[in-house]
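The values are calculated or read from the model by the stated rules, or taken from the named source; none is laboratory data. Model, not experiment: these values are computed from the prediction. Because the Cβ atoms are built from the backbone with ideal geometry, glycine has one as well, and the counts that use them run over all protein chains shown.
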Ligand SMILES: Nc1nc2[nH]cc(C(=O)O)c2c(=O)[nH]1
Ligand code: SF4
Ligand SMILES: [Mg+2]
């Protein structure tokens, strides 16, 4: 935890007094997802500027879902600002430093106005903002199918079990393999999905070894995606066929083929 983050999030003295009973109670009161000891404070500082109760939103739009087992279906995307990771191949760095604080009620209203059964929360890293949990619950209660894209570096325990998780396991060439939170694996449901983004043959071999070591094929669905412009679809397809693995589904990011690969808001 860096000093600056600690200062910004320090609770008022009265809160500290109430919390002296046990250490765990104190942690419960003050811990927020961005207070993880390994998170560089400057990457998440923007979150501390938003008014209490609001979510920092980068964009809300409707498009075709480009990934996962829902690929091809109309979907409303709610992209939350800020990420604590810096994957070398990240395709949404524009979400790191820009965002508009929005009340959850306003986000819900905007989402419902699209009248679309499928909603995806993505980012950035959505789990850095705990206010997302009641909002996801409300949309589930509204009858929406809610998907959550997360880096896998944050605890999945608070996520409503009705949410369909699409969790990354970061491969070595992302530069963020050390942030994989392996304790999340037992929290995944059979209906959830683990995504590997493959930037090289090294990443591919790491994926195969990880799938085997953790018996991931028995846990949930598995997706392998090529970093656009680094590994060709043909290379990934050949590697998968040669590997003998039967349960890893190759996916192409549909939106990068339909629209300009650099386009935003699609
Ligand atoms: N069309 C479309 N589908 C997507 N699926 C996951 C996305 C993401 O950015 O997380 C995404 C995205 O940005 N666009
Ligand atoms: S976790 Fe996602 S948003 Fe964050 S740096 Fe990696 S790819 Fe980008
Ligand atoms: Mg994207």
Exercise. Filtering the stretch 91-116 down to residues that are within 16 Å of ligand 1 (Cβ to nearest atom) and over 30 Å from residue 174 (Cα atoms), which residue is surrounded by the most Cβ atoms within 10 Å (Cβ to Cβ)?
Worked result: 111
Exercise. Are there any pairs with C-beta distances below 9 angstrom linking a residue in the stretch 243-266 that is within 21 Å of residue 60 (Cβ to Cβ) and without any contact (Cβ under 8 Å) to a residue 12 or more places away in the chain to a residue that is more than 16 Å from ligand 2 (Cβ to nearest atom) and outside any helix (DSSP H, G or I), with the two at least 6 apart or on different chains, and if so which?
Worked result: 259/63; 259/266; 260/266
Problem set entry | Considering residues of the stretch 117-134 that are touching a strand residue (DSSP E or B) at 6+ places or on another chain (Cβ under 9 Å) and farther than 20 Å from residue 49 by Cα only, the residue farthest from ligand 1 (Cβ to nearest atom) | 117
Problem set entry | Residue in the stretch 221-237 that is within 16 Å of ligand 3 (Cβ to nearest atom) and over 17 Å from residue 174 (Cα atoms) present | no
Problem set entry | Any hit, the stretch 46-60, residues being assigned to a helix (DSSP H, G or I), in contact (Cβ under 8 Å) with a residue 12 or more places away in the chain and either closer than 21 Å to residue 261 by Cα or within 16 Å of ligand 2 (Cβ to nearest atom) (or both) | yes
For this session: Give just the number: which of (1) away from ligand 1 (no atom under 13 Å from the Cβ); (2) touching a helix residue (DSSP H, G or I) at 6+ places or on another chain (Cβ under 8 Å) does residue 137 not satisfy?
Result: (2)
Problem set entry | Given (1) within 13 Å of ligand 2 (Cβ to nearest atom); (2) assigned to a loop (DSSP other than H, G, I, E, B); (3) closer than 25 Å to residue 224 by Cβ, index of the condition residue 82 fails | (3)
Exercise. Does residue 143 satisfy being crowded, with 21+ Cβ neighbours inside 10 Å and either away from ligand 2 (no atom under 13 Å from the Cβ) or modelled with pLDDT of 95 or more (or both)?
Worked result: no
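In the stretch 196-212, is there at least one residue being part of a loop (DSSP other than H, G, I, E, B), modelled with pLDDT of 95 or more and within 26 Å of residue 80 (Cβ to Cβ)?
Here is the first cut: in the stretch 196-212, the residues part of a loop (DSSP other than H, G, I, E, B) are 199-200.
Now narrow it down to the ones that are modelled with pLDDT of 95 or more: 199-200.
When the remaining residues are screened for being within 26 Å of residue 80 (Cβ to Cβ), the result is 199.
Checking the stretch 196-212: at least one residue is part of a loop (DSSP other than H, G, I, E, B), modelled with pLDDT of 95 or more and within 26 Å of residue 80 (Cβ to Cβ).
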Exercise. Across the stretch 178-192, what is the number of residues that are under 18 Å from residue 87 (Cβ atoms) and touching a strand residue (DSSP E or B) at 6+ places or on another chain (Cβ under 7 Å)?
Worked result: 1
Exercise. Cβ-Cβ below 6 Å, separation at least six or inter-chain, first residue in the stretch 150-171 and within 19 Å of residue 131 (Cα to Cα), second at pLDDT below 95: which pairs?
Worked result: 154/33
For this session: Would you mind listing the strands (runs of 3 or more DSSP E) fully within the stretch 97-156 where at least 3 residues are away from ligand 3 (no atom under 16 Å from the Cβ)?
Result: 100-102
